[in-house]
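One structure is given below, encoded as structure tokens.
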Amino acid sequence: MRQIRAEIGAVSKADGSAIFEMGNTKVIAAVYGPREVQNRSQQMSDQTLVRCEYSMANFSTGDRMRKPKGGDRRSTEISLVIRQTVEACILTHLMPRSQIDIYVQVLQADGGTRSACINAATLAFADAGIPMRDLVTSCSVGYLHSTPLLDLNYVEHSAGGPDVTVGILPKLDKVTLLQMDSKLPIDILENVMQLSTEGCKAIANYIREILLENAKQLEYRRGV
Amino acid sequence: MREIQLQLSQTQKVRLQKALEHLESLSSKVNSDASVTIADSIPVNHEDGVLKGHGTADLEGEVVATLCGVVERVNKLVYVRTLRSRYKPEVGDIVIGRVIEVAQKRWRLDINYSQNAYLMLSAMNMPDGVQRRRTALDELNMRCIFEEADVICAEVRGFQQDGLHLQARSQKYGKLSTGQLITVTPYLVKRQKQHFHHLEQYGIDLIIGCNGFIWVGEHVEVRDDMVEDQVSQSDPQVLIPNKNSVSLEEQEKNYTALETRKHICRAANAVRVLSTLGFIITLEIIKGVIDLSLSMNLDIHDMLGSEFCVLVAEKEAERRSSNKKKR
């Protein structure tokens, strides 16, 4: 797995925010909420409405991207995926009639952006004080030259092998996200899943340390 | 870790680090051990029945945290107090809010909570002080009392079916003008007996709202409602708000002295510095910061600079250590 680094509190105006780096992939996430629902017709009386927006900055890839006019299909799909993943883990029934917005932007893309986004989102939610069942961590795994590879970067991903993105709740040992591109023989799937679970648990430990340190710092600075 | 957002030179960084480490050593050991993150299990004695409060969940008989924060125990109740979340209202809290919308018979206010709060027309005193039923004419004149983007001080009345309701039934609540509103995170404000403070030597009012909105403004004399109820009972008319054409005499009457305005800015900057550093905000600490800046003859805009922030951090470390020695 590549080197990971996380930082909390990048966006001062947001209720919670975080920057997550996996190798050269850098992602920033900002959470606003729970706040009043903007669109009254979508208000739910028993739970909170979660909205997610994923975007890649123009300068994030090697060649400067131009945003397609009709709305990027890939961005819409990844927004939906992130929303479903985190909605499964936050306790939405504790905040009825409100709305939580999460904005994720990729600053530098080098493979594994989906996973980095989910990890950044988890950190941002924890920073915002939104109750969650467990941390969601995510990792991507590939299979090249008969070896499962953890955390692919762009070059390894371009080699054409399968790319499996897995999101799990480490303490509850449950899978919330499982996506795959390309083809993978079914007997290898077990191996690959196990490798990704270990990777996710390692990321979860790191995230836990960061959050604990942050909580301690805030507490002693505040004083009594 | 949340870094303090300041441009610091090397020496300033070292001094700030030292002050923060001093604060860390002063903080009670119990509190730092009780910090917990999501999905950490909370050590609890299972033999005594334990009540699981906010921020906890039951996972196979273990008590697990659902929030990041500090574990608090009160008798049998165990709960997690979160740090950087939105305001959690309790009945009787003094809050400051900004009007978002003027609706039928009520105003909608933003108070940094997960929903907007309502201030009913019937939950406020009429401007002429008379206690009477609100008529349709009063409803039409609502805009003369409060408009959009006005800052209002009120008290939490309770949760009704459609949301959180506030009331402003005393002269000390109501519209706030001539001053600054500063937003800080709600956990920096503790619930105390007094939230309205009057700093006589500067002639300013300081209202510390429980929702993290802090008002610093010109001092307003609070008239007792009960005494004057014989005030002119002119026929209520439909009043048209004419903000643009304020006469010259009114402008002169409303003029605030330069000194008062400077003191307001100084106090506001003091609150901003404390919020940047993440220290708890109380009247004594704010007064201490204002005195520190006056004793150094610091310009008001210099108070937001890095040097003053480092000084405030060092002073706070001293203050807390001297408090601890007294105890």
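The values are calculated or read from the model by the stated rules, or taken from the named source; none is laboratory data. As the structure is a prediction and not an experimental result, all values here were calculated from the model. All Cβ positions, glycine included, derive from the backbone under ideal geometry; neighbour counts span all protein chains shown.
The condition of being away from every other protein chain (no Cβ under 11 Å), in contact (Cβ under 8 Å) with a residue 12 or more places away in the chain and in a loop (DSSP other than H, G, I, E, B) holds for only one of A:135, A:172, A:152, that being A:152. Among the residues of the range B:153-202, those that are part of a loop (DSSP other than H, G, I, E, B) and of a type in the set (Val, Ile, Thr) comprise B:178, B:184, B:185, B:189. The set of residues in the range B:270-327 being over 24 Å from residue B:207 (Cβ atoms), assigned to a loop (DSSP other than H, G, I, E, B) and in contact with a Phe, Trp or Tyr (Cβ under 9 Å, 6 or more places away or on another chain) consists of B:296, B:298. Total residues in the range B:101-119 satisfying the condition of being of a type in the set (A, V, I, L, M), assigned to a strand (DSSP E or B) and under 11 Å from residue B:166 (Cα atoms): the figure is 3. Any chance you could count how many residues in the range B:43-60 are modelled with pLDDT under 80 and among the hydrophobic types (A, V, I, L, M, F, W, C)? Residues that pass the stated criteria total 1.
Of all the criteria given as (1) touching a Gly at 6+ places or on another chain (Cβ under 8 Å); (2) more than 27 Å from residue A:47 (Cβ to Cβ); (3) among the hydrophobic types (A, V, I, L, M, F, W, C), the one not satisfied by residue B:111 is (2). Every condition in (1) buried (at least 22 other Cβ atoms within 10 Å of the Cβ); (2) at pLDDT below 90; (3) not charged (D, E, K, R) holds for residue A:115 except the one numbered (2).
For the range A:1-43, the set of residues classified as within 14 Å of chain B (Cβ to nearest Cβ), over 23 Å from residue B:5 (Cβ atoms) and either surrounded by 22 or more Cβ atoms within 10 Å (Cβ to Cβ) or aliphatic (A, V, I, L, M) (or both) consists of A:34, A:37, listed by residue number. Can you tell me how many residues in the range A:197-221 are within 7 Å of chain B (Cβ to nearest Cβ) and hydroxyl-bearing (Ser, Thr, Tyr)? The total comes to 1. Against the list (1) surrounded by fewer than 20 Cβ atoms within 10 Å (Cβ to Cβ); (2) within 14 Å of chain A (Cβ to nearest Cβ); (3) among the hydroxyl-bearing types (Ser, Thr, Tyr), the condition residue B:79 fails is (1). Given the condition within 11 Å of another protein chain (Cβ to nearest Cβ), touching a helix residue (DSSP H, G or I) at 6+ places or on another chain (Cβ under 6 Å) and hydroxyl-bearing (Ser, Thr, Tyr), answer yes or no: does some residue in the range B:51-67 qualify? No, there is no match, as no residue in the range B:51-67 is within 11 Å of another protein chain (Cβ to nearest Cβ), touching a helix residue (DSSP H, G or I) at 6+ places or on another chain (Cβ under 6 Å) and hydroxyl-bearing (Ser, Thr, Tyr). Pairs meeting the criteria (first residue in the range A:201-216 and free of Cβ contacts under 8 Å to residues at least 60 places away in the same chain, second residue part of a helix (DSSP H, G or I), beta carbons under 8 Å, at least 6 apart or on different chains) are A:216/B:32. The residue that is nearest to the chain's Cα centre (by Cα), among those in the range B:82-136 that are surrounded by 15 or more Cβ atoms within 10 Å (Cβ to Cβ) and hydroxyl-bearing (Ser, Thr, Tyr), is B:87.
When residue A:140 is tested against (1) within 13 Å of chain B (Cβ to nearest Cβ); (2) in contact (Cβ under 8 Å) with a residue 12 or more places away in the chain, only condition (1) is not met. Of the listed requirements (1) crowded, with 23+ Cβ neighbours inside 10 Å; (2) charged (D, E, K, R); (3) not in a helix (DSSP H, G or I), residue A:46 misses just one: (1).
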